[in-house]
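To start, the structure under review is shown below, and the notes come after it.
Bear in mind that the values in this text are calculations on the coordinates, not laboratory data. Keep in mind the model is a prediction, meaning the values are calculated, not measured. Here the Cβ positions follow ideal geometry from the backbone for every residue, glycine too, while neighbour counts run over all protein chains shown.
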Amino acid sequence: MLLADRYELDEPLGRGAMGDVWRATDQVLGRSVAVKVLRAEEATDTERFRMEAQTAGRLNHPNVVGVYDFGTHHDRLFLVMELVDGWTLAQERSLRGTLPPCEAAALAAQMAAGLAAAHRQGVIHRDIKPANVMLTTDGTAKITDFGIARFADDATSTLTATGKILGTADYLAPERALGRPAQPAVDVYSLGCVLYELLTGRPPFRGATSLAVVQQHVDAEPVAPLLLRPEIPVPLSDYVLRLLAKDPALRPTAEEAAGRLSGQEQEPSPAEAGAATAFRPVASGPPARARASHSRPRGRGRLAAKAAVGAGAVALFAAAAALGASLNSGDQQPSTPVSPTATTATSAPAVETSTVTAPPAAPTTSPPPAKEDHGDGKEHKGKGKHGKGKGSDG
């Protein structure tokens, strides 16, 4: 099928909540691209789809999936993106369990660099998670799926009029759970959750329900990563906890995190100076498994802010929950093996998470973190160069 007299749709790569992603050929420029087409039944998401195009279109960075074009064909909106040959970080973690500390830090540094570029353009992603990060065959991490992203000057609310919070429970910053406006620090917190998971094999908090997990983000302290995996260097474990500070003001910026995690900025604290090992991740490079073979499925500064969030935060959280807060809680397991994947609002298998309606009121006591982690973002089946193997839809 020829779209807009230019893009020949070759094969489907994935299917998301809003649209279908296709591997396509740009007949004008003669290159392969990923095309995301808004489904007819999702016409009410037109504004969100346009926002995705506008936010991602502002960005031009090696760690962000590129957006090339946006238009309408027979009253159907479509978005043309960079086609990424690779798989998602969710798939990588699912296959390997945990990553070596230096490799995990290096991937997080690339993600932080992509976020820093977005933040400089006033774009806040708001849904950073392994399923929304693509890994290319040469080891480059690319952030995808800007479906719920917003401009900083337009991020006036995270709670919608119907009392919904958009995001994924396992990676949701506490201030967003409390219904406060999203600022760049929310992406840094989510980055910390992802790095925590890469290092330990589980997100910082686990619970029987999305609401239980979110409340822990608000009022519980995460276990230090090195207590779950002793070989993690003390400085890296401490830095992850800094990324997870309850108070947004205590978190580093994405740019600072990129420098620190890449080893370009070494500013050890007195405690770190005495550590036996330091983390010095390589700037980039393919994951260990990728170097061995490319036959992949395609497809501490103690968080002092707790006092700031404290009982008042829990009260606010309960109020937000009473409104019927719905959290996108997706899984991060690959739905099917994937080959070169296409990108959605980025180039990873775009994962459109489902919403979970919260109970009438939030529990007053957060359950202890579970010992295992199975939370993952829902991904699309596909064989594209963007997402779950091959999909890239958001």
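Let me make sure I get this right: for segment 70-228, a, b and c are the square roots of the gyration tensor eigenvalues over alpha carbons, sorted descending. Under 1.5 in a/c it's rounded, otherwise prolate if a/b > b/c, else oblate. Which is it?
Values: a/c = 1.79, a/b = 1.10, b/c = 1.62.
Taking the square roots of the gyration eigenvalues as a ≥ b ≥ c, segment 70-228 is oblate.
Quickly rank 257-263, 96-102 as a protection proxy: mean count of other C-beta atoms within 10 Å, highest first.
Result, highest mean first: 257-263, 96-102.
In terms of the Cα gyration tensor, with a ≥ b ≥ c the square roots of its eigenvalues, is segment 1-84 rounded because a/c is under 1.5, prolate because a/b exceeds b/c, or oblate?
Oblate, because a/c is 1.5 or more while a/b does not exceed b/c.
Bin all alpha-carbon pair distances of segment 181-224 at 10 Å intervals from 0 and give each bin's fraction as a whole percent.
27, 55, 19
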